[in-house]
1. For Cα pairs less than 8 Å apart in space and 6+ apart in sequence, what is the mean separation divided by the residue count of the stretch 1-60, i.e. the relative contact order in percent?
2. Which far-off residues, 5 or more places away or on another chain, put their amide H under 5 Å from the one on Gly24, with H placed in the peptide plane?
3. Report the local net charge at Ser50: Lys and Arg +1, Asp and Glu -1, summed over other residues whose C-beta lies under 14 Å from its C-beta.
4. Consider all pairwise Cα distances in the chain and report the whole-number % of them above 21 Å.
5. Suppose each label sits 7 Å from its Cα in the direction of the beta carbon; what would the Glu71-Ser41 distance come out to in nanometres?
6. How many nm is it between the label spots at Ala52 and Glu81, if each spot is 7 Å from the Cα in line with the beta carbon?
7. As a check on your grasp of the helix formula, calculate [θ] at 222 nm for the chain: sum -39500 (n - 2.57) over DSSP H runs of n ≥ 4, divide by the residue count, round to the nearest 500.
8. Which length gain, in nm to one decimal place, applies between Leu23 and Ser11 when the Cα-Cα distance is subtracted from 0.36 nm times their residue separation?
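Every read-out reported here was derived from the displayed coordinates using simple, explicitly stated rules and does not represent laboratory data. Note that the structure is a prediction, hence the values are computed from the model and not measured. Neighbour counts are summed over all protein chains in view; Cβ atoms, including those assigned to glycine, are modelled from backbone coordinates with ideal geometry.
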Amino acid sequence: MAPILTLEDSSHQFVVEMDASDLGVGAVLSLKAPKDNGFHSCTFFTHHLSPAKQKYAIVERELLSVKLALEEWCHWLEDAEQPFIVWTDHRNLEYLQMAK
């Protein structure tokens, strides 16, 4: 059974989840649903890395996944009524929260 995707709704909070591997990056844009407080996927994104980008350090590939996902969905995220959440599994990117 294929996953069911939710329609984008700028009145709900968006969540952007991403990850990077040796060969590519991927991301999921989800909505936080007020009815069940769960997260419902809206769309997916994948990008194959060029041979040059495959040589990036893992922290650079993880940051690239954030950049590419935000560029892909900027038209929804910029119009959102609530701040969006970025989830990544790479601990070294936590400093971005504190950067001013």
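1. The normalised contact order for the stretch 1-60 reaches 31 percent.
2. Distant-sequence amide H within range of Gly24: Leu49.
3. Here the count lands on +1.
4. 38
5. Between Glu71 and Ser41, the simple spin-label model gives 2.4 nm.
6. 4.4
7. Taken over the chain, the calculation gives -6500 deg cm²/dmol.
8. Computed gain between Leu23 and Ser11 is 0.8 nm.
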